[in-house]
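Beneath this line is the structure, given in structure tokens, with notes to follow.
The values are calculated or read from the model by the stated rules, or taken from the named source; none is laboratory data. In this text, all values refer to a predicted model and were calculated from it rather than measured experimentally. Note: ideal-geometry Cβ built from the backbone for every residue, glycine included; neighbour counts use all protein chains shown. Just so you know, the surface numbers come from the protein's heavy atoms only, side chains and all, with ligands and any DNA or RNA stripped out. Shrake-Rupley method; radii C 1.70, N 1.55, O 1.52, S 1.80 Å.
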Amino acid sequence: MDQQELRQLEDRCIQEEPPWCTATCPLHVDVRAFVGQLARGNGAEALGTLRKVMPLPNILGRICDAPCEERCKRSEAGQAIRIGALERFCVRQEAEPQRLFTLPARDKLIAVAGSGLSSLAVAWDCLRKGYSVRVFEPGKTPGVSLAEGYPDLLPWNVIEGELALLAKLGLEVDVEAATGEPGFLRLCLESFDAVYVGLDSLEAGPWGLEEDGSGNIRIEPQTQRTSLEGVFAGGLPRAGRVSPVWQAAEGRFAANSIDRHIQRVSLTAGREKEGPLSTRLFTSIADVIPLPAVRAADPLKGYSGEEALREARRCLQCQCLECVKVCVYLERFGAYPRKYTREIYNNESIVMGAHQANKLINSCSLCGLCEVVCPQGFAMQDLCREARRSMVERGKMPPSAHEFALEDMAFSMSDRFALARHEPGLEASARAFFPGCQLAGSQPDKVVAVYEYLRSALAGGVGLMLGCCAAPAWWAASKARFDEGLEAIRGQWNSLGRPKLILACSTCLQVFRENLPEVPAVSLWTVLDETGGPVPPRTFCEPRLVVHDPCTTRSEPGLQASVRHVLGRLGVRVEELELGRGKTECCGFGGLQQNANPEIARETARVRAHRSEEDYLAYCAMCRDRLASAGKRILHLLDLLFPDRRVPDPAARRDPGWSQRQENRWRLKERLLKEFWPEEPIKEEEHMEIRLQIGPEVRSILEERRILDEDLQRVIHHAETSGDKFRHPGTDRFKASFRPRKVTFWVEYERTTEGFVIHNAYSHRMEVRVS
């Protein structure tokens, strides 16, 4: 990713776009922060937010006409937040005197004609920039026009206070000069470096400047320059009405132009973000309860503290975060895609040192829900997948992130599970059933039952293919292993004469359609819908089930509809989740999230499991088991189609775990070879004859540490045959290690007459060499 690609990606995330109130304000007051601070009862912070941006905040805060209210998002659900009233409440409160910081003094002098709000704003900003400023207000005290214009809102002592603050900064005042005299501006330019004419307090005079068709001085918007170089002006009514905030803004624009004029730089370059802005921010109001604005009991005094608090708490605190709201992964890392993009870019740029964003990159489930809900279609999954690919290619991917899943995939593609056979007794197959590795690992009996049904329901022969679709390698961005896996599938498919494949797993279906377009594939659920499916006796009592759609079916509405058709024929009343069908959530297994970040994967499953109190139904084996591990009562659709009398409450069935899954796969292959094709299964290796006794607490530890029963068997077999083990004299337990691959396993065990009791086990990647 280069800098241009980075900028383009960052721009897709709109979370940092300004809310409508701030975008509308010509001064860009952070209204969201200001109101939020008031809502939390922190008036001092709120005042600080106003002071940070507003010139003369004690004056402007009292008389601001709040054009921001016209664009307030709250108005779409009730009434707009009364931002102007909240500003008046805030600046009326007792507070520490404002401290103004200035730049070092410059040997330049600015003349300001008039002492209206725009003129005082110019003085405020220019003084802070280090310039000397002299205000000319002939015949009257500066600020009088403000007091006369807002007698009910603006006490004279407030104006005096702000003028005193300007005086501390060095403001000079001249009440003798006749600003309306011809030649005043040219005389000023002989002694001053720039001049500002405040038309909000001065009467029209013979300024000697070019005028527009209305007889007003022609002023260039935003730069505020006039036809005479070095002379700037502002403060006129806008659209026929006086706007204090625009008077202050034009004063600020003029101060910036004066600064640029004196420095002899462009008056226009780089000023696109001054004044009101457009915004792409999206804020959902779908669940917002409409509320009216709080009315002040005493309109003359304005809001009381309690009234201001209630009004501020109506604020929506507009932001997007649509993706973060529905994704535990995005929420847990504490930011949003724009910031994550920068972190991942920086991670890519590190030549030496710790790659801090590795966990961020590897924890994404790659499900793509973020792209679906994002108003701009930001695909966090593509960013993470590409970062993984880059890390793998550069040798920067930590092996611990995905290695276990890749080894599990290798097991499922090995001779211990992989199989391709025509229907028994036939030499050709029009179709072949591919159950996938997860259904075979979770419910091997259901694989047999489905296969028997398909053989009876479909003509032309139905073969069987066992194996893995290689999705773990795609998730891990291991191109070599993924290509190898796809080639193995092609080989199986070709060996059966290129039949149409019936897939039980939606992830397999997605992989096949995107990467094996030459292989015709259809979902098992589509086939069961078209054939009518088995009609078993009703053995369940759930009157209503909540359907959980796998995340890989989001773009498969037909498949989802088939599932509901099948359920309808079974007499099941379906309840839909709000985040279902096209917006369904991941269970926490996809993208190898469970391997890279078990904590987030558990929370992902827990959140999904608690979207409804009703029992769930899934039609993905891994989804079912992941949600079951989160304590959810959940059925697999095959539990209803092919009920097992030996399992009276299939919704309570637990996740079988990693070891049991592998055992279920190879035992399924053994059973199929014995029952359907009279072939001898592969003989078990010696270590697999070792019988283990594992208690529930130890089993939980082994699952968490990704240590399989076969790993334990290998260690014990090595220890017992080689004698390489330690014995604890007090407990008579043994501790032994073995390194069958790039991982060393340590096991604490004891011998019994019935086998070996496992007390603990752990693994590491260190390799100790004795020289």
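For (1) at pLDDT 95 or above; (2) of a type in the set (Ser, Thr, Tyr); (3) over 25 Å from ALA297 (Cα atoms); (4) in contact with a Gly (Cβ under 9 Å, 6 or more places away or on another chain), each residue gets a yes or a no:
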| site | (1), (2), (3), (4) |
| --- | --- |
| LEU56 | yes, no, yes, no |
| ASP65 | yes, no, no, yes |
| CYS68 | yes, no, no, yes |
| ARG71 | yes, no, yes, no |
| ARG82 | yes, no, no, no |
| PRO97 | no, no, yes, yes |
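Out of ALA628, ALA651, ALA618, which single residue is open to solvent by less than 40 Å² (accessible area, probe 1.4 Å), under 25 Å from LEU579 (Cα atoms) and without any contact (Cβ under 8 Å) to a residue 40 or more places away in the chain?
The unique qualifying residue is ALA628.
When LEU56 is evaluated against the numbered criteria (1) farther than 24 Å from ARG128 by Cα; (2) in contact with an Asp or Glu (Cβ under 9 Å, 6 or more places away or on another chain); (3) crowded, with 21+ Cβ neighbours inside 10 Å, which criterion, by number, is the only one it fails?
Against the list (1) farther than 24 Å from ARG128 by Cα; (2) in contact with an Asp or Glu (Cβ under 9 Å, 6 or more places away or on another chain); (3) crowded, with 21+ Cβ neighbours inside 10 Å, LEU56 comes up short only on (1).
Looking at the range 140-167 only, could you name the residues that are touching a residue at least 60 places away in the same chain (Cβ under 8 Å) and charged (D, E, K, R)?
If the condition is that a residue be touching a residue at least 60 places away in the same chain (Cβ under 8 Å) and charged (D, E, K, R), then ASP152, GLU162 are the ones that fit.
Can you list the helices (runs of 4 or more DSSP H) found entirely within the range 290-359 that contain at least 3 residues being at pLDDT below 95 and open to solvent by 50 Å² or more (accessible area, probe 1.4 Å)?
The helices (runs of 4 or more DSSP H) meeting that bar are 337-349.
For the range 736-767, give me the residue count where each residue is farther than 17 Å from MET688 by Cα, touching a residue at least 24 places away in the same chain (Cβ under 8 Å) and surrounded by fewer than 10 Cβ atoms within 10 Å (Cβ to Cβ).
Selection size over the range 736-767: 1.
Scanning the range 593-615 for residues that are modelled with pLDDT of 95 or more and among the hydrophobic types (A, V, I, L, M, F, W, C), which turns out nearest to the chain's Cα centre (by Cα)?
Selected residue: ILE600.
In the range 564-596, how many residues are touching a helix residue (DSSP H, G or I) at 6+ places or on another chain (Cβ under 6 Å), over 24 Å from GLN381 (Cβ atoms) and of a type in the set (A, V, I, L, M, F, W, C)?
3
Evaluate the following for ARG385: is it in a helix (DSSP H, G or I), charged (D, E, K, R) and under 19 Å from ARG7 (Cα atoms)?
Yes; evaluated as a whole, the condition is true for this residue.
Restricting to the range 1-29, give me the number of residues that are in a helix (DSSP H, G or I), open to solvent by 10 Å² or more (accessible area, probe 1.4 Å) and over 22 Å from ALA387 (Cα atoms).
4
Out of ILE707, ILE690, I need the residue that is closer than 19 Å to TRP666 by Cβ, touching a Ser or Thr at 6+ places or on another chain (Cβ under 9 Å) and modelled with pLDDT of 90 or more. Which one?
The conditions single out ILE707.
Among the listed residues SER284, SER257, identify the single one that is open to solvent by less than 50 Å² (accessible area, probe 1.4 Å), within 30 Å of SER75 (Cβ to Cβ) and in contact (Cβ under 8 Å) with a residue 12 or more places away in the chain. Full working, then the answer.
Working: SER257 fails: within 30 Å of SER75 (Cβ to Cβ).
The match here is SER284.
Would it be correct to say that ASN515 is among the polar types (S, T, N, Q) and over 19 Å from the mean Cα position of the chain (by Cα)?
Details: among the polar types (S, T, N, Q): yes; over 19 Å from the mean Cα position of the chain (by Cα): yes.
Yes: the conditions hold for ASN515.
Across the range 206-240, what is the number of residues that are open to solvent by 50 Å² or more (accessible area, probe 1.4 Å), in a strand (DSSP E or B) and free of Cβ contacts under 8 Å to residues at least 24 places away in the same chain?
Summing the residues that are open to solvent by 50 Å² or more (accessible area, probe 1.4 Å), in a strand (DSSP E or B) and free of Cβ contacts under 8 Å to residues at least 24 places away in the same chain in the range 206-240 gives 2.
Any residue at all in the range 724-735 that is more than 30 Å from SER629 (Cβ to Cβ), open to solvent by less than 60 Å² (accessible area, probe 1.4 Å) and aromatic (Phe, Trp, Tyr)?
Scanning the range 724-735, I find at least one residue that is more than 30 Å from SER629 (Cβ to Cβ), open to solvent by less than 60 Å² (accessible area, probe 1.4 Å) and aromatic (Phe, Trp, Tyr), so the answer is yes.
Here is a yes/no grid of residues against (1) under 30 Å from HIS422 (Cβ atoms); (2) touching a residue at least 12 places away in the same chain (Cβ under 8 Å); (3) part of a helix (DSSP H, G or I); (4) open to solvent by 40 Å² or more (accessible area, probe 1.4 Å):
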site: MET688; (1), (2), (3), (4): yes, yes, yes, no
site: VAL698; (1), (2), (3), (4): no, yes, yes, no
site: ILE701; (1), (2), (3), (4): no, yes, yes, yes
site: ILE707; (1), (2), (3), (4): no, yes, no, no
site: GLN713; (1), (2), (3), (4): no, yes, yes, no
